[in-house]
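For reference, the structure is listed below as structure tokens.
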Amino acid sequence: MRIPIIAGNWKMNKNVDEALEFVNQLKNEVNETDVEVVLCCPFIALSEVKKAIEGTKVKLGAQNMHWEESGAYTGEISADMLLNIGVDYVIIGHSERRQYFNETDEIVNLKVKKAVAKGIKPILCIGETLEERESNQTFEVVKTQTVKALEGITEEDLKNIVIAYEPIWAIGTGKTASSQDANAVIANIREVVKELYNETVSEVVRIQYGGSVKSANATEIMNESDIDGALVGGASLEAKEFLGIVHF
Ligand code: 13P
């Protein structure tokens, strides 16, 4: 039984005050849910949000981290720094990081390995471009991304990794993959995990869909057999809308 996981990725939005206002609107509305709720905040808000969610069911996520222990990496944040705040999850390999900050599959793999070694759960993002989809390369692309990101990851570690399938053409565009299409790709990712490891772990690992998820389409998406949650961008910025997704 895979526990659904709904994570908000605020991206480069919300200052500390805005983050706290959001948490105050949200935190008492999720106590009854069986869904795991994660807020992936900008670095500057992590500490304050951590205090604000104490005693609630909300989990804390970061949006990125560096793979080295520490040192001369100006502007970067280490796994230990995130752990010190009490971060539970970290988004790794988001397509915006791959696209704008040149993150390769190799870098993504280094980050995934570091996060699991430190006990932070990665939300590993993969997904194809529109061009790749239109030339029928979707399965191949997500397979390569999955295989490369999980290189050197043990079966035990994999249980703590959440995979987020986010077709790039569906991010922030209002276009969602049809729930059947998303489910087919996610079932395929599960098949890749089965080939890499075994059936048991492929049935345990949680795989989210991301890309223009909102309260209006969350039920349909979440009802699909292989989709275990959502990674939500724009619709996670407003508490009421995000709650609509959490209570799909
Ligand atoms: P949107 O929900 O705004 O399409 O963003 C999806 C996303 O990139 C989440 O990581």
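Tell me, yes or no, whether the stretch 67-80 has at least one residue that is within 21 Å of ASN102 (Cα to Cα), touching a residue at least 40 places away in the same chain (Cβ under 8 Å) and either within 16 Å of the ligand (Cβ to nearest atom) or surrounded by 19 or more Cβ atoms within 10 Å (Cβ to Cβ) (or both).
Yes, some residue in the stretch 67-80 is within 21 Å of ASN102 (Cα to Cα), touching a residue at least 40 places away in the same chain (Cβ under 8 Å) and either within 16 Å of the ligand (Cβ to nearest atom) or surrounded by 19 or more Cβ atoms within 10 Å (Cβ to Cβ) (or both).
Find the residue count for the stretch 84-109, including only residues that are under 26 Å from GLY211 (Cα atoms) and not in a loop (DSSP other than H, G, I, E, B).
To start, the set of residues in the stretch 84-109 that are under 26 Å from GLY211 (Cα atoms) comprises 87-109.
So of that shortlist, the ones also not in a loop (DSSP other than H, G, I, E, B) come out as 89-92, 95-100, 105-109.
Qualifying residue count, the stretch 84-109: 15.
Each row is one residue, and each column tells you yes or no for (1) over 29 Å from GLU69 (Cα atoms); (2) in contact (Cβ under 8 Å) with a residue 60 or more places away in the chain.
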{"site": "ILE126", "(1), (2)": "no, yes"}
{"site": "GLU134", "(1), (2)": "yes, no"}
{"site": "THR144", "(1), (2)": "no, no"}
{"site": "LYS148", "(1), (2)": "no, no"}
{"site": "GLU151", "(1), (2)": "no, no"}
{"site": "ASP157", "(1), (2)": "no, no"}
{"site": "ASN160", "(1), (2)": "no, no"}
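Filter the stretch 168-204 down to residues that are touching a Leu at 6+ places or on another chain (Cβ under 9 Å) and in contact (Cβ under 8 Å) with a residue 60 or more places away in the chain and give me whichever is nearest to MET1 (Cα to Cα).
Looking at the filtered set, the residue picked out is VAL204.
Scan the stretch 170-183 for residues that are surrounded by fewer than 19 Cβ atoms within 10 Å (Cβ to Cβ) and either charged (D, E, K, R) or closer than 19 Å to ILE91 by Cα (or both) and jot them down. Write out each step before concluding.
So the first thing to find is which residues in the stretch 170-183 are surrounded by fewer than 19 Cβ atoms within 10 Å (Cβ to Cβ), and the list is 172-175, 178-181.
Listed by number, the residues that qualify are GLY172, LYS175, ASP181.
Values quoted throughout were computed directly from the atomic coordinates according to the rules given, and no laboratory measurement underlies them. Everything quoted here is computed from the prediction, not taken from an experiment. FYI the Cβ positions are ideal-geometry reconstructions off the backbone, even for glycines, and counts take in every protein chain you see.
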